[in-house]
1. Do we have any residue at all in region B:189-200 that's more than 14 Å from B:LEU129 (Cβ to Cβ), surrounded by fewer than 16 Cβ atoms within 10 Å (Cβ to Cβ) and either hydroxyl-bearing (Ser, Thr, Tyr) or in contact with a strand residue (DSSP E or B) (Cβ under 7 Å, 6 or more places away or on another chain) (or both)?
2. Check every one of the strands (runs of 3 or more DSSP E) wholly within region A:11-119 and list those with 3 or more residues that are under 24 Å from A:ASN200 (Cα atoms).
3. Tell me yes or no: at least one residue of region A:183-197 is among the acidic types (Asp, Glu), over 15 Å from the mean Cα position of the chain (by Cα) and within 14 Å of another protein chain (Cβ to nearest Cβ).
4. All but one of (1) at pLDDT 80 or above; (2) in contact with a helix residue (DSSP H, G or I) (Cβ under 8 Å, 6 or more places away or on another chain) hold for B:LEU149; which doesn't?
5. Please go through region A:33-56 and pick out each residue that is of a type outside the set (A, V, I, L, M), in contact with a Leu (Cβ under 8 Å, 6 or more places away or on another chain) and more than 14 Å from chain B (Cβ to nearest Cβ).
6. If a residue counts only when it is modelled with pLDDT of 95 or more and out of contact with any strand residue (DSSP E or B) (no Cβ under 6 Å at 6 or more places or on another chain), which helices (runs of 4 or more DSSP H) contained entirely in region B:9-105 have at least 2 such residues?
7. Within region A:102-121, how many residues are under 15 Å from A:GLN158 (Cβ atoms) and within 8 Å of chain B (Cβ to nearest Cβ)?
8. Which of the helices (runs of 4 or more DSSP H) contained wholly in region B:209-312 include at least 2 residues that are hydrophobic (A, V, I, L, M, F, W, C) and either within 14 Å of another protein chain (Cβ to nearest Cβ) or touching a residue at least 60 places away in the same chain (Cβ under 8 Å) (or both)?
Amino acid sequence: MASLLEVKDLAFHYMHGVDVFRGVSFAVEKGQMFTLLGPNGAGKSTLLNCLAGLAAPSEGYVKLNGEDVGRFSARALAKHIGYVRQHISVTYGYTVREYLVMGAAPRIGMFSTPKQEDYERVEEAIADLSLQKLADRAVSNLSGGERQRVAIARAIVQNPEIILFDEPTSALDYGNQIRVMRTMKELTERGYTVIMTTHNPDQPILLGGQVAMLKADGTLAVGDADSTLTSERLSELYGTELHLVFVDEVDRVACVSSKL
Amino acid sequence: MIKDGKKRFSAEDETVEGKKQVLLSVILIGCAIVVVVLAVASLCIGRYSVDVQTTLAILASPLTHADASWTVNDYNVIMNIRLPRVLAAFLVGAALALSGASYQGVFQNPLVSPDILGVSYGACVGAALSILLYMNTWQTQIFAFIGGLITVFVTVSIPKLMHRHTNVMMVLSGIIVGGFMSSILGLMKYVADPDTQLAEITYWQLGSIAKVNFDTLLYTAPVMIVAAIVLVAMRWRLNLISLGEEEARSLGVDLKRERGVIIVAATVLTASAVSVAGTIGWVGLIIPHVTRRIVGSDNKRLIPTVILVAAAFMLLVDLFARNISGYEIPLGILTGLVGAPIFGYILVKQRDVD
């Protein structure tokens, strides 16, 4: 049977020939937590755009349930794939409620407006992510951490099979990073498939699940986070000496660098 | 942390959107009452004034077939001079503000107005050309309409030719085409016969609905109403498109098609408004801003409200234009005098909030 999402020999280069990434292959199964780990410039965001059907790969393919994502209409794809971006910029003063109901868009016709059931789903998502206090504030006035929670809530309203996260923690303080990762893990427990990009090797260790280690010239390794992440591979990926050490207090390995 | 929303979800939350809808209905009814009052006032007040009772009786006469208790002059002033003018004020105001709000949503830019695509200038060039060619009124309307549509086509084509489909490029393209069109208009005024044509072109350019009659409305109103219905039906899509290209696409918006339909409908409205009343500035820019302060940014509520607020504004401005002095002041001048300070105030307030 076909994987939920299959990426094969994917490459993306600009018209003037500069490679963003190439030779990327991996498969994502339903309900998995899948981390795309790589240094800056490995093309993680572009790769995510290819998965979301927003960018057309130069070579290779991305198949959703066995069908090329390029063949889906925007609306059909939005029923399967949700996208939580790194930064949310909103030009107008939409309130959190008004913003969240936009997640229902794939189910709403071109000449129609949201129905009662869509607003009910918004209230559920508000309760899910404890956004009650923010619900009537303008999204544009929220902090980075609050916006990230609102974006996740909108993905829940959208209710796709797969939720993509582009560097969801990069703009957040440490506490908010941990909270967002906890939320992502809970999403997988509810049956969502979560694919996220990060340059922080501690995150796939914390989240578990699957990891693809990405370099600009191809995939370094793919597999279980526990077995795939090794000191040697991480050192190669980031071009600096890194060590995985077991920390008794928290009962897990952590990635640390050698002295400067 | 995710809690189980389904269990915590209470009946109380259900009414949040419901309450907003009730509030919107109250606002819309309030605006509609203001529009009706202003319309009746516009019919009664003027150099030849008619009392309210007679005005209403005249208005109802095609239905009631009541015996005429009014003079022929009363009837002519109300039905043939002021009524088309009131309808024109309503349609032109609503069209400009509705297209302004739509452009603002579609280009994610609150500083955009119908002028930005150059439609107003293009329509003006069309009208001026027809005046230079000694054409009659309805031909002038059609030329204005064609001029507006051609301008939009050029404005939309420039980013396509450059393979740069960004919103900023579209706005820049509008400025280029608008500037070019207003230069052509200047050239036309330069070659126009100063005794006859120049005055007519200048009058058109300043904006007025003094010469509107039922024939003019018969050509333009149906087109305007169809375009307005399309925009009202797609009002919630404006929210999605205003999030930006990538966000809209990942929410399943068929961006090319939906944005195209909205731009065409908004442009038809602007071109029609210009062909009825010349260039009346500021309405398309400030009315959406003022209305956002009343009902918020959600286009689902904004779009219907904008129509009535703009109609009320236009009726009020026209009432002033006719009665403030012995001479009639062109509408474009009054909307500029009122609009510019209001917009300045909004910008200052906006900065306070930021």
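1. Taking every residue of region B:189-200 in turn, at least one turns out to be more than 14 Å from B:LEU129 (Cβ to Cβ), surrounded by fewer than 16 Cβ atoms within 10 Å (Cβ to Cβ) and either hydroxyl-bearing (Ser, Thr, Tyr) or in contact with a strand residue (DSSP E or B) (Cβ under 7 Å, 6 or more places away or on another chain) (or both).
2. Details: elements: A:19-28, A:33-37, A:59-64, A:81-84.
By residue number, A:19-28, A:33-37, A:81-84.
3. There is at least one residue in region A:183-197 that is among the acidic types (Asp, Glu), over 15 Å from the mean Cα position of the chain (by Cα) and within 14 Å of another protein chain (Cβ to nearest Cβ).
4. Result: B:LEU149 fails condition (1) only.
5. Within region A:33-56, the subset of a type outside the set (A, V, I, L, M) is A:34-35, A:38-41, A:43-46, A:49-50, A:53.
Within this subset, residues satisfying the condition of being in contact with a Leu (Cβ under 8 Å, 6 or more places away or on another chain) are A:35, A:38-39, A:43-44, A:50, A:53.
Those that are of a type outside the set (A, V, I, L, M), in contact with a Leu (Cβ under 8 Å, 6 or more places away or on another chain) and more than 14 Å from chain B (Cβ to nearest Cβ): A:THR35, A:GLY38, A:PRO39, A:GLY43, A:LYS44.
6. Correct list: B:11-44.
7. Total meeting the criteria: 8.
8. B:214-233, B:235-241, B:255-277, B:283-295
The values are calculated or read from the model by the stated rules, or taken from the named source; none is laboratory data. Remember, predicted model here, so these are calculated numbers, not experimental data. For neighbour counting, all protein chains shown are included, and Cβ atoms are generated from backbone atoms with ideal geometry for every residue, glycine included.
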